[in-house]
Structure formats: structure tokens, C-alpha cells
Amino acid sequence: MVFYTGQQLSYIKVPNIIITMSLYATGLNAWSQLDFDTTKKDQQPDDIFTFTCLLEDKDIDYIRPFPSYTLVYTTTTPFSPTYTAGLVPKLHQQLSTSYPDHYHHFAEASNDIVVVPTHPTNPHPLQYPSLTTLLSPSSQPISYPALHLSQISPYATVTKLSSSPSGYLVAALTAGHDLYLWGHPSRCSTWYPDIPDSPEPVVMGDDSEKDIKDVAVGQSHVLVLTTDGEIWGRGDNSSGQLGLGRETKLVTEWTRLKGEFDHDKKKIKGVWAGERNSFVVVQP
Amino acid sequence: MEKEETDDPLRKLIDHGNSFISRYYSHYEESAPILEGCGEPLVELLVRQARLMSMATPDHDLIKRRLDDILSASYNKFYAYLYKDLPPCWRLLYTEAAILKFWVLVFEWARSRQPELIRKRVWDKMEWEDFELNTPARREEVHEIKARFEKQPKGTPSRNLGSAVWHQLMQLSMRTEVGGVHVRRSREVSSRVRERLQEWQRRNEQEDGQQGPEQQQQKREREEELLNDMVKTLDLALILAGGGGKHDEIHGYVALLEKAASLPSNDNSPDKISSKPSESETPRQDPSLGRTRTTSLTQPPTKRARLSLPPPTNPSSTIDGWLPLNASGELVGPVAISDEPPVNTQQQTPIITQKPPNWSSHPSFSPYEPFTPPVTSPIPRLPSPSLTTFQSHLSSPTPQPLILTSLVPSWPALAAHPWSKPSYLLSRTFSGRRLIPVEIGRSYVDEGWSQKILPFSEFLSTYITSPSESKGYLAQHQLFAQLPQLRSDITIPDLCYTSPANRPDGTPELEEPMLNAWFGPPGTITPLHTDPYHNLLVQVVGRKYVRLYPPGADVKRRGEEAGVDMGNTAAFDVGVLEGWDEATGEGGDEEEKEFKRLEYVDCILEPGETLYIPVGWWHYVRGLSVSFSVSFWWN
């Protein structure tokens, strides 16, 4: 199974385009899921503790971080990852060969439940108890209670939902650039002691007018991108997932996350969170 | 050479660790089919750590972090599923990672206690992999260099690896073999190898330099910290992951560790070592070991007692609640680690390595009872019924509660191994280092009730032997599966092997009676509730008040709370309605009237007495003094 399509070559093919996008990442790297440089081979790679530029391409579209590997997509080939780093589990490989459509949209929860996109005629996504059941010949989707977006706020249109893999913390972004967060108080108590158990708007820093552009939730950390290009975060940093260095293990307040990407006033396209790592894509 | 090792517990521990690591693949094979469920990435990460640990100079810090990553990933799974749906692979993965982490900590600890032992290990294990050499053929080169060095008259390779041999080995690592030709290898690899070797060398020198009293003190503190970490790692595997089916293995490791920890630490001064006749060709005959062994046999008991039981300098790595435990305990959070000052319990700590002491001279828990409720409808007492009598009592359509006054007279826990003595309990819990889960709060239905895992010594000093505002109750814990050394102080009453007629629907038959420990200060309360089992509640230490309402009583039940069905617990608080406790919530007069109409039986259970609670009976249990009970459930 080959995910790696050698897209680096096409980058070389367009020498007159100087404009490139950069992927910055930090956090867990146990399976080299942050090493896009395939010439590097380390039997026990260390984690990355500050946001580091790991990849440049003329056009990075979006990131899909899995627990043990990372996929990077470009607009050139929208449904096929251009870069892969880390260790791809066999079941994921099987899914990508047997059901490529499912593979490019599926989500896997901590309790194995898999959600895949629905058929156009079916308004609800399909859910399976696990990837193994999905891949078995006699697979049957099952249904689980679903969240009704109207519960978040009756007046706001939700444009993005992000949840920790365990589902113990959920973030919703509205069309009006407001951010709602809620979760399971005792399960989040170490890193988000005051987490509300129903959707409540949150504010970054002192400026209550700050609009939110993007949000991403990891196992126990949250990343927030404001419309004025600042990145904020809170939670566990023991693997470096907030890019706050080796010494800081945890932040329980919203903290401005800084990195090289701040310096040259570049535009931040979006943020993504793996279980224990974070990704930022910067465009010129 | 080998036979010498058997009587030095530390060496025995290290040998065990070495063979565990080198045999890890065969060990792992038993677990492999189950672990498959965790997916290859995590399994690969686990096996990778074992492989790296088998190298001479592994990066212990990174290995520990990776093992913590595995612990954290599997711990998160414990909460991703309903308890009953958790696939067994996750408990096993947690346990496997915990055992590997235990060995990393053992090597670090042993390195501080007896550096020679670990340096020897490094030297012996040093192989081509440590230099990241790419062909086994070059293994011979490493062997040659080592052999050449060992032949030198003054060569004590374990002592000083920084000399010529080090240099030669490093040279080796700078070349690699491509198509049979040696070429200079990438700067990155060779500098990585060099760095690792130099780091070890630095540590060797640092250890040799540590001789001032302050450094010795630091060294001892570090050792104590490591010891607590080792115990914590294994205990969390037992408590959180249920031991992953590896109880016996883990108990064996704790026993080995406890023996090794009871010896005084090597003070590690080079002059003492070099003054011994050294026959360096046989590296096993490590002078420092001989010295330690002799010392340990000849030291006067007083000194030994002091050295063998260093005070738990900081055993208070308390972990609050179930959530913040975060798998390895040392991960995140101000909440996760309590800042309580270290508790000094060593005055009570007995000598554990010597003959069983006479415990009768040691102080007992205080019998003080702040409040004693009246007994108004006493449960009948009889000495000890025969099996047949008891069986026919059970078989009656409505078996009644009974107190059996002499069912357990022969329990060591009541006599030769007195659970009433804090010092005895500490001696059975690795000087109080073993962790136990404790419920914090007066009763599990109260606001602010939580669970903590903390060292036994801290539990004793914080909640039992000194007055504390919050109540800490070791309740409904299968303590004896975790601490087999306490299990042998009690026996399962034969009465638990009777077969009661009425098993509630849907409750599976227990193959063995289920044992739970209940240990707490005065005033702990188990609110009125029912269990789906027959119960023999044996009072070992102190007194408890118990009130029972028959199964048919019109007791108002609680509903579902925070997703948990609380229907087996009554909606009212006996203590509040009786006026013994202050009300915490609202309660109507109507409720009180209704409650007062209900008929009940009650008793104060004395040490050595056993209360039979028939299945389905509502029971309210209140600790009057410091109290330790054991319950046996069967059906």
C-alpha cells in the first residue's frame, strides 16, 4: 500500500512559483508521524516540543492526523494524500484499498466506533461498531444517538465541530465566528477544570470581541485560531502538543501559542490536532 | 559464578530484569494474540521499548516517556468504553507497559545503589547494536576490543569505560559497511552514538564524584523516589488494569524488590572498591558486592533497622480522582500530584526483614468513638452454626440476619498478625509504600465525594491516625488480590461455600466468594443500599454500627444519577433522619414519618464478630471507631 505519491517532484517542477505554504507541527512523534523527511530513519524518534516547520509545498489543503500517522492533502489531488508520515495500521490500509471513498472521510472514535460519510440519499452518516466490522463482508451499520446541532445554540449556524477522540470535550464554531465548548467535567478536570457541561461561548484572552476562525481538539488539548491570526491553546503539553517546550507539562488557562509563523506576518490557514500533537498551515 | 548471585537480592533482581528483557519476545508471545486488538502501532511501540532496553546504553528517559505514552493511551481506553465492554487487550497492554517501566526504574535504582552492578551490565551487553553497526559481522570487532581490554592487568572495564577501549569503540561506530567496504558513516549517526556513550561516561564520573554528605543525601532521596515510583507503577497496573491477568508475576516482582530494598545502599566510594583485591577477569566477582553482603550480615540490628527502612521521603504522589490519574501517575497536572508535605511514619515502621517481631508491644489504633448510636432492635447472636444448620437457615424462604460471635477465632489477623496495629499493616505494605484506592468524603452519595489512589502510609497518617476534616475510606476494594500477604491473615469461612436458594435474576453465579476490604476512620458511612449477594461481614478491628431493613421494606430508591443507576441505594439518609448527622440536602417531614414507620434490626459489631446479611436486605453501615472489616459475598 503506497500513500506516498512522490509529490515533492511536482514541487520541483514549478520552479518559477516562489509562493509556498508551510506546515508547522509539534507534539507526539513516537511513530515518526511528524517526519516527512523520509531519508531520516531513527529507531526511536523523540517528540517535537516547539512548532517546527516540517514541510513546504505550494499548496497544502488540509491535514488528517491519526494516532500513529499523518496525512497531508493538497488541492492537486483532493482525495489522495500527497504526504504520509508515520505508521499506517493494517486496518486503515485495508480500508483505503477496499473502500477508498470511506477512507477519505472516515473518523474513528476511542471506543472503536467508525463513522463514514453517508450516501446522498441518506441524511445520516453510517456508523459501525469498529473498523473490523466495517471491513467484514457481512458488515451492517448501526445507529448511535447523534448530537443535534440545534442544541448548541438555537440562533447560530454551526460551521465546524471538533471533538476529542474520546468525546469528552466538544468544540463548535459558528458562522458568526463564536466558539462554543463543553465537556465532561470530571474527565477533563486536570486540564480544563471549569469546563461547562453544556455549550457555552468562550473568549480568548481579555478581548471578548476576538473572532474565532478555526478550532481543533486533541486527546487533552485544544487549539484555537482567531481571525486576526493568533493561535491560542490550553491543556496537556507533556508530549509538546502545544509547542510550549519540554518544561511546561500543562497549561490550564488559555495561552497564546507562538512560533516562527508569527514572525513574518504570514497568514494562518488553519489548525489541526492529533491526539497528542498539533498542526498549523501557513500560507503566504 | 552464578551460584553466588542467589543470596544477593539486588543482584537477583537485576538478573531477573536482564533475563526478562532478553526473553521479552518469548514472554510477549503469550500476550501477542490478545494484544493484537490494540493495533500494530501501539504493539510495535511496546516491543520497540523492550528491544531498546536490551541494549547496553539505552536512553532510559525517552523509553520511560514512550512507555508512559502507551500507559496513557491504554488508560484513556478504560474510559472510552463502558466498564463491561472494555476489550481485555487494553488492560494487558497497560500491564505490559507498566512491567517494562518497572524494569527501567529498577535499572536506574540499582545503578544508584550499586553502580558496579549496572556498569557490569553495560559492559557485558555492549554489542554491535549499541554502535548502530549495520552488520552482525562487525559484532566480532566489538568482541575483540572488549576481550583485548579485559586481558589488560589493570582492566576493570566496569569501573572506567572512558579510556582506550571507549575510544576504540567510538572509532568503530564512525564507520559503516557498504558492500563489504568500510566507509565513514553519516555524522548524524556517529554523533548520536557518541553522545549516548559519552552521556553514560559522564554519569559514571558524576557518580564517582558524589561523595559529599549533601550528595549522598540527594542520592538517597533519588533512590527513595525511584523506589516509590517502582511500587506505584506496579500498583497502578494492579488497581487500574486489574493486573491484566499477571497478578502473580507482579507480586513476585514486588517481593524481589522489597528484599533488595531492605539492604543498605552501597555508598559507592571508589577507594573502598579499589582497596579490595580485584580479579577483574571475572567481572562477576565484584568486590563491592562481597562487601555489601558481608555488611548486611554483620551489621548490628539497630543500624540495620535504620538503613533498611529509609523514611518514605515523599510517598505522597497522591493521585486524585479516577480521571486525573492519567495512566502513569506522573503525567499531567497540579491536581494529579498532591503537594501535601511528606508524612513521617517511620517511627511506627517495624523491621521487616527480620524474624517476625512480637507485635503485642506495638501500639494499636485508637478505640475512640466520637459517637455511638443506640441499638434498639438487636440482631440475635450465636457462636458459630454448623454448616448444615446454616444451610437450612439460608434455605428458609426469608432468612434473617444473624451475628456469629465465634466464626473466625483462628484468624491471624486477630492475633499473631494483628491488623489492629498500624506497624503491622505498614510492614505488610512495603513500609506503607503500596498504593490503595481511597474514597474521600463521608458517604458516596455526598457532594464532593471522590476517589484517590495514595500510598498506604499516607492514608494511615492523613485519615486514620490523626484527625482529619475529610474522611478517607478504603472501601469495597479487592485489597487481598492486590496484597496477598494480607490475604494469608484471613480465611474464607466455610459458610461461604453453602448454596443459597434465592439468587436474584440476572446476577451471575460467583465461582469464588468475593472478598472486599473496608478500612476507615470513625464516622465513615455506607448509605442504606442492597447488594445482589449474600454477605458475611467480618469485623476485624474496631466497631461498626449496622442497621438492616428487610427486602420488602418500602424504602424510597434513588434514580439514575450522572448516568449511573443508583437504584440500589435509598433516597434517605439514616443518620440525618435519626438526628445523628446534620442534613446536607432537603428532607421533608413526610419522608421522616414514612421512614420512622419502617421496621428494622440493628447491631454494633465487635471485633471478631461476623454479621450475616441475607441477599436483598437493605443495610446502613457506620464506622464508630477506626474500623477494618472484610466482607465475603457469595451466591
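The values are calculated or read from the model by the stated rules, or taken from the named source; none is laboratory data. In this text, all values refer to a predicted model and were calculated from it rather than measured experimentally. Here Cβ is always computed from backbone atoms with ideal geometry, including for glycine, and neighbour counts include all displayed protein chains.
Observations, loosely collected:
- Looking only at the stretch B:51-63, and only at residues there that are within 9 Å of another protein chain (Cβ to nearest Cβ) and assigned to a helix (DSSP H, G or I), the one that is surrounded by the most Cβ atoms within 10 Å (Cβ to Cβ): B:ILE63
- Of the listed requirements (1) at pLDDT below 90; (2) surrounded by 21 or more Cβ atoms within 10 Å (Cβ to Cβ), B:THR233 misses just one: (1).
Residues are listed down the side, and each one gets a yes or a no for (1) assigned by TED's automatic domain parsing to the domain that holds B:GLY37; (2) out of contact with any Leu (no Cβ under 7 Å at 6 or more places or on another chain); (3) aliphatic (A, V, I, L, M):
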position	(1), (2), (3)
B:HIS60	yes, yes, no
B:ARG65	yes, yes, no
B:ILE70	yes, no, yes
B:ALA73	yes, no, yes
B:LEU82	yes, yes, yes
B:TRP90	yes, yes, no
B:LEU93	yes, no, yes
B:ALA98	yes, no, yes
B:LYS101	yes, no, no
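- Residues in the stretch A:35-57 that are modelled with pLDDT under 95 and within 14 Å of another protein chain (Cβ to nearest Cβ): A:ASP35, A:ASP37, A:THR39, A:LYS40, A:LYS41, A:ASP42, A:GLN43, A:GLN44, A:PRO45, A:ASP46.
- B:TYR83 being at pLDDT 85 or above and not hydrophobic (A, V, I, L, M, F, W, C): no
- None of B:ALA80, B:ALA32 is of a type in the set (A, V, I, L, M, F, W, C), out of contact with any Lys or Arg (no Cβ under 9 Å at 6 or more places or on another chain), crowded, with 16+ Cβ neighbours inside 10 Å and without any contact (Cβ under 8 Å) to a residue 40 or more places away in the chain except B:ALA80.
- In the stretch A:166-184, of all residues being modelled with pLDDT of 85 or more and within 14 Å of chain B (Cβ to nearest Cβ), the one that is farthest from A:ARG64 (Cα to Cα) corresponds to A:HIS184.
- Candidates in the stretch A:203-225 are the residues that are over 19 Å from A:TRP272 (Cβ atoms) and at pLDDT 85 or above; of these, the one that is surrounded by the most Cβ atoms within 10 Å (Cβ to Cβ) is A:LYS210.
- Of all residues making up the stretch B:397-439, the number that are of a type in the set (D, E, K, R) and closer than 25 Å to B:VAL546 by Cβ: 2
- Per the listing B:SER443, B:SER431, the residue uniquely of a type in the set (Gly, Ala, Ser) and under 27 Å from B:VAL615 (Cβ atoms) is B:SER443.
- For B:ILE21, the test of being more than 18 Å from B:HIS247 (Cα to Cα) and more than 14 Å from chain A (Cβ to nearest Cβ) is passed.
- The set of residues in the stretch A:169-188 that are in a loop (DSSP other than H, G, I, E, B) and surrounded by fewer than 21 Cβ atoms within 10 Å (Cβ to Cβ) comprises A:ALA175, A:GLY176, A:HIS177, A:ASP178, A:HIS184, A:PRO185, A:SER186.
- Lone qualifier among B:TYR24, B:TYR75 - being surrounded by 18 or more Cβ atoms within 10 Å (Cβ to Cβ) and touching a Phe, Trp or Tyr at 6+ places or on another chain (Cβ under 7 Å): B:TYR75
- The stretch A:15-34 - residue that is assigned to a loop (DSSP other than H, G, I, E, B) and surrounded by 12 or more Cβ atoms within 10 Å (Cβ to Cβ) and, of those, modelled with the lowest pLDDT: A:THR20
- Options B:ARG11, B:ARG91, B:ARG48, B:ARG66; residue that is under 27 Å from A:SER220 (Cα atoms), away from chain A (no Cβ under 14 Å) and part of a helix (DSSP H, G or I): B:ARG91
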